[in-house]
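A.B. asks: Please find one structure pasted underneath; my questions will follow.
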Amino acid sequence: MSEKKSIEIKKEVGAVSEQARRDFLKNIGVASAAAMVAAPAVAGAAASSAVAAVPTAGASNPDADSTVAEWLQGHFQLMTEEEKKKAIERLEKRYTAKYGKKTVVSNAPAPEGVLFGYALDISKCVGCRRCVHGCVRENNQSRSNTEIHWIQVMKLPKGNFAFSPDKMDKKGFPETSWFGDHGVQIGGNAYTPVGGIGTHGAENYYEADLVPDKDSFYFPVQCHQCEKPPCVKVCPVRATFRDPNGIVLIDYNWCIGCRMCQLACPYGARRFNWGEPNLPAEEMNPKTHYWGNRPRMRGVMEKCTFCLQRTREGRPPACLEACPVGARKFGNLLDPDSEIRKILATKRVFRFKEEFSTYPKFFYYVG
Amino acid sequence: MGKLMTFVVDFWSYVLLKGSTKYYAWLVFLFAVLIAGLFTAYKQLTEGLITIGATDQITWELFISNFIFTAHVAAAAVLVVAPGYMYGRKEFKDLAVLGEILAMCFVACGLNFILFHMGRPDRLWHVMPGIGFFNFPNSMLVYDIIVLNVYLLLNAVAVWYILYKKYIGQEVGGWYKPWIYLAIAWGPLIHICTSFVLSSNARIGAWNTAVLPFAFLSMAGASGPALIILLFLLLRKTTKMKISDSAIDLLTTMIIWSLGILMLVLGSEFFTALYSSPHHAESLHFNMFGHNGLNMYVPWFWVTLTVLVGSFFILLMPKVRKGYDFWLPVMCAIVFTFVLIEKPVILVFPAFSPSPMGEYTEYYPTFVEWLNVAHVWATGCLTITFMLKGAVGVLTGEVKFAKSSA
């Protein structure tokens with residue numbers, strides 16, 4: 001069982017081209033500074049260093065990001081069809097010039113009668129982080145300085161592994177109180193996390209040649225697309241909102257960068273573009289959506305959209321496609337025959353951090 | 001309108017041309033910091049917030065820490081206004097305008113900090129009513145934007161109107177008193193709103209507590225009057241401005257009992273969090289004892305709280321309270337400084353650990369960040385200096401309409 005699941009990450013590292021390696025060495029100073037600023041997944045750093053800043057035509061010009069017309073545009077949701085068309089054309093022109101390839105910015109509408117839901121089988125996840133990098137490739141995240149990942153995989157210690165008698169300071173007896181024991185026990189020694197679903201003892205930047213580690217299990221976290229999203233509530237300009245399919249979206253052109261949403265989110269799902277995003281032209285995915293994976297600019301928030309540019313066309317999210325063990329399931333919560341509904345009905349399903357009452361549409365289950 | 005013109009000319013010529021060497025040295029110092037900060041401000045504006053120390057883990061920086069402090073002082077400035085207007089204390093009647101000046105300048109300074117905090121200050125128009133879009137009534141930040149700007153307006157009108165009336169030697173109009181009452185009520189309001197911006201975040205245990213507005217107001221009541229006493233003692237020494245001992249004594253009493261309330265508020269919060277020690281207390285634990293060797297904030301926590309509690313007891317001693325030449329200014333400087341220091345090292349930075357993913361993080365401000373903070377403070381101090389200087393000129397009668405026309 002576990003042999004079948006073991007996946008060598010080394011292969012992926014070996015695939016890094018020689019040119020990219022040199023670029024990486026050249027930029028290593030910058031990259032290590034970035035490591036302090038962003039939330040880089042260290043194991044992936046070697047693989048994704050392949051992408052360390054490659055100068056592109058427009059990238060050197062910071063103003064390329066906001067032409068006057070773009071700067072003056074209103075909230076996209078409130079625009080007329082005519083204005084939307086113009087805004088899309090502007091963006092396509094700018095991206096095409098900047099990345100040197102024909103870029104499409106779709107404005108495909110939300111399909112009707114659909115509420116997207118995601119389920120993740122934590123008993124299957126092996127912590128390979130293919131989803132993390134599949135997501136980065138699909139969604140045009142900044143690759144370096146700062147490196148942005150929308151999915152974070154927590155490596156959690158398995159239960160009981162800390163309960164050997166030698167780890168108990170008094171062989172099972174409680175700590176001595178300052179006021180004496182009085183002969184009746186009031187506390188214990190097993191303060192070590194016991195492998196529950198929580199953030200205690202989580203390692204988020206683990207390095208591994210081989211996964212899964214036998215003493216750990218893995219817990220990927222991304223935007224939970226809450227039905228009652230606290231991030232949407234706190235945004236002062238409604239730049240982030242819930243779409244008809246239940247996906248929480250961001251208008252990158254309307255966000256003012258106040259980061260209130262980042263404070264509100266209990267899942268740490270939101271990522272800020274602290275600097276100008278570094279997206280090498282050859283790695284840019286030109287098939288984009290206005291609300292989804294179009295390249296972002298400095299000073300705005302971004303996060304997972306369940307790959308809106310794909311799901312609005314009936315394709316599954318990139319993280320699901322990248323998962324080698326089939327731990328990820330996606331579907332329409334309103335369709336009683338969908339796989340996700342079957343999972344909700346038959347598996348042991350739970351929501352992460354339910355105590356925040358945000359009602360996520362991202363479910364975890366034990367398959 | 002001729003009178004208005006001579007007022008503007010007289011006011012600013014008094015401010016800019018009539019000063020001692022020390023006054024000009026102070027101005028030169030402030031301008032130097034201000035101009036040096038323009039370079040780092042440019043760097044931050046063109047390269048983004050990557051030039052400061054904030055991360056996705058600790059997403060609020062020194063700018064917000066300082067903003068909260070400016071809101072403290074701005075809100076507390078009403079403590080100089082209220083005694084004269086609401087309790088009829090004569091010695092405060094003339095001083096009220098100085099409080100309004102502090103409120104005005106500190107709110108402006110705080111708004112300046114907010115601009116530095118924004119990732120896209122160029123998109124500021126998105127929050128302007130009419131052309132922008134307010135997320136009303138959901139976003140607490142929207143309320144804060146509104147109350148801060150209204151407070152700025154209330155005080156700016158109150159300050160300039162009364163200075164002008166005094167300049168031409170007329171009594172203020174009948175609307176002035178209700179206006180001032182509104183401004184007095186608005187002071188606590190801005191601070192309660194600011195505390196709600198923080199306490200509304202359920203995931204940040206250290207902020208998500210009902211005592212936060214009380215903590216804010218009591219720290220405002222300590223830091224505001226501390227600064228005001230320092231300024232009053234300075235004005236009394238260097239200008240013809242008459243400020244009685246009883247006015248200063250009342251302000252000292254305010255500091256003492258604000259610190260007293262603060263002790264109760266923090267004590268309740270610490271007890272509630274620590275007795276059961278659930279998830280809610282983890283940030284506080286990190287702050288008090290560190291976490292796996294990350295203990296940057298531990299000494300700051302104990303020193304800051306010891307100083308604030310100690311100040312309460314020291315100020316209870318009559319010798320200190322009446323030591324206008326040495327002990328009182330020293331204690332006021334200490335209270336002011338440590339309430340300022342409390343903002344980053346207790347209120348803001350430790351609250352972000354653990355992150356939603358269980359990460360513990362320490363914050364390292366960058367040079368750009370430090371200099372930008374200094375730049376905003378220098379700009380704020382400059383406006384305060386100019387306004388106080390001019391106001392004292394008007395209040396002491398050195399800047400007067402008849403005088404200039406004669």
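We did not get these values from a lab; they are worked out from the coordinates using the rules stated. Just so it is clear, the model here is predicted, and its values are computed rather than measured. No Cβ is skipped: glycine too gets one built from the backbone with ideal geometry, and neighbour counts run over all protein chains shown.
A.B. asks: What is the gain in length, in nm to one decimal, between residue B:16 and residue B:153 on full extension, counting 0.36 nm per residue of separation less the C-alpha to C-alpha distance?
C.D. replies: Separation in residues times 0.36 nm, less the Cα-Cα distance, equals 46.9 nm.
A.B. asks: From the backbone phi of segment B:277-284, what are the Karplus-calculated ³J(HN,Hα) couplings (6.51 cos²θ - 1.76 cosθ + 1.60, θ = phi - 60°) in whole Hz, Gly and Pro given as x?
C.D. replies: With the stated coefficients, segment B:277-284 comes to 6, x, 3, 3, 8, 5, 5, 5 Hz.
A.B. asks: Compute the semi-axes of the equivalent ellipsoid of segment B:99-152, taking the square root of 5 times each eigenvalue of the Cα gyration tensor, and list them largest first in whole Å.
C.D. replies: 21, 14, 9
A.B. asks: If you don't mind, there's one more thing I want to ask. Could you give the distance between the Cα centres of segment B:247-308 and segment B:350-406, to the whole Å?
C.D. replies: With segment B:247-308 and segment B:350-406 each reduced to a Cα centre, they are spaced 25 Å.
A.B. asks: To continue, here is another question. Can you work out ³J(HN,Hα) from phi for every residue in segment B:41-58, in order, using Karplus 6.51 cos²θ - 1.76 cosθ + 1.60 and θ = phi - 60°, giving whole Hz and x for Gly and Pro?
C.D. replies: Values per residue, Gly and Pro as x: 5, 4, 4, 5, 5, 8, 9, x, 6, 5, 6, 10, x, 5, 9, 5, 7, 10 Hz.
A.B. asks: Which residues in segment B:364-385 have a backbone N closer than 15 Å to a point placed 7 Å from the Cα of residue B:23 along the Cα-to-Cβ line?
C.D. replies: It comes to B:382-385, nothing else.
A.B. asks: Taking the protein assembly as shown on its own, what percent of its Cα-Cα pair distances exceed 53 Å?
C.D. replies: 20 percent
A.B. asks: Helix-only estimate, please: 222 nm mean residue ellipticity of chain B, summing -39500 (n - 2.57) across DSSP H runs of length 4 or more and dividing by its residues, to the nearest 500.
C.D. replies: Result for chain B, helices only: -23500 deg cm²/dmol.
A.B. asks: Please name whichever of A:217, B:179, A:288 sits farthest to the positive end of the charge dipole of the protein assembly as shown, dipole taken about the Cα centre and charges placed at Cβ: Lys and Arg +1, Asp and Glu -1.
C.D. replies: The one lying farthest along the dipole's positive direction is B:179.
A.B. asks: Please list, ordered by chain and number, the residues whose modelled amide H lies under 5 Å from the amide H of residue A:158; skip anything fewer than 5 residues away on the same chain.
C.D. replies: Answer set, sorted by chain and number: A:216, A:217.
A.B. asks: Taking a ≥ b ≥ c as the square roots of the eigenvalues of the Cα gyration tensor of segment B:173-326, is the shape rounded (a/c under 1.5), prolate (a/b larger than b/c) or oblate?
C.D. replies: oblate
A.B. asks: Same structure, new question: Going through the cross-link list A:84/A:303; A:228/A:342; A:303/A:347; B:166/B:237, which pairs have a Cα-Cα distance over 26 Å in this structure?
C.D. replies: A:303/A:347
A.B. asks: If you don't mind, there's one more thing I want to ask. Compute the distance from the alpha-carbon center of segment B:81-119 to that of segment A:328-367, in whole Å.
C.D. replies: So the two Cα centres are separated by 53 Å.
A.B. asks: Quick check on the exposure proxy: order B:304, B:337 from fewest to most C-beta atoms within 10 angstrom.
C.D. replies: So the residues, fewest neighbours to most, are B:337, B:304.
A.B. asks: Amide H of residue A:211 versus every other amide H placed in the peptide plane: which residues, excluding those fewer than 5 positions away on the same chain, fall under 5 Å?
C.D. replies: Under 5 Å from the amide H of residue A:211: A:7, A:9.
A.B. asks: Rounded, prolate or oblate: which fits segment A:319-366 when a ≥ b ≥ c are the square roots of the eigenvalues of the alpha-carbon gyration tensor, with rounded for a/c under 1.5 and prolate only if a/b beats b/c?
C.D. replies: Oblate.
A.B. asks: Charges at C-beta only: +1 for Lys and Arg, -1 for Asp and Glu. How large is the resulting dipole of the protein assembly as shown about its Cα centre, in Debye rounded to 20?
C.D. replies: 980 debye
A.B. asks: Mind checking the full-extension length gain between residue B:313 and residue B:172? Use 0.36 nm per residue of separation minus the Cα-Cα distance, one decimal, nm.
C.D. replies: That pair, residue B:313 and residue B:172, stretches by 46.6 nm at full extension.
A.B. asks: May I have the convex hull volume per residue, in Å³, for the Cα set of chain B?
C.D. replies: So the per-residue hull volume is 157 Å³.
A.B. asks: If a/c stays under 1.5 just call it rounded; otherwise compare a/b with b/c (prolate if a/b is bigger, oblate if not). Do that for segment B:238-391, with a ≥ b ≥ c from the square roots of the Cα gyration tensor eigenvalues.
C.D. replies: oblate
A.B. asks: Sticking with this one: Straight-line reach from residue B:3: which aspartates and glutamates have Cα under 19 Å away, leaving out those fewer than 8 places along the same chain?
C.D. replies: B:171, B:398
A.B. asks: Please list, ordered by chain and number, the residues whose modelled amide H lies under 5 Å from the amide H of residue A:116; skip anything fewer than 5 residues away on the same chain.
C.D. replies: A:333
A.B. asks: Separate question: Hey, what do the phi angles of segment B:370-377 turn into as Karplus ³J(HN,Hα) couplings, whole Hz, using 6.51/-1.76/1.60 and θ = phi - 60°, x for Gly and Pro?
C.D. replies: Couplings: 4, 5, 5, 4, 4, 4, 5, 5 Hz.
A.B. asks: Here is a follow-up. Per residue, how big is the convex hull around the C-alpha atoms of segment B:251-302? Give it to me in cubic angstrom, could you?
C.D. replies: Convex hull of Cα atoms, per residue: 80 Å³.
A.B. asks: Shifting gears a bit: When you have a sec, figure out the Kirkwood radius of segment A:221-357 from all distinct Cα pair distances and drop it here in Å to one decimal?
C.D. replies: So the Kirkwood estimate lands at 16.4 Å.
A.B. asks: Could you list the square roots of 5 times each eigenvalue of the Cα gyration tensor of segment B:39-121, that is, the equivalent ellipsoid semi-axes, sorted largest first and rounded to whole Å?
C.D. replies: Each semi-axis is the square root of five times an eigenvalue, giving 36, 12, 7 Å.
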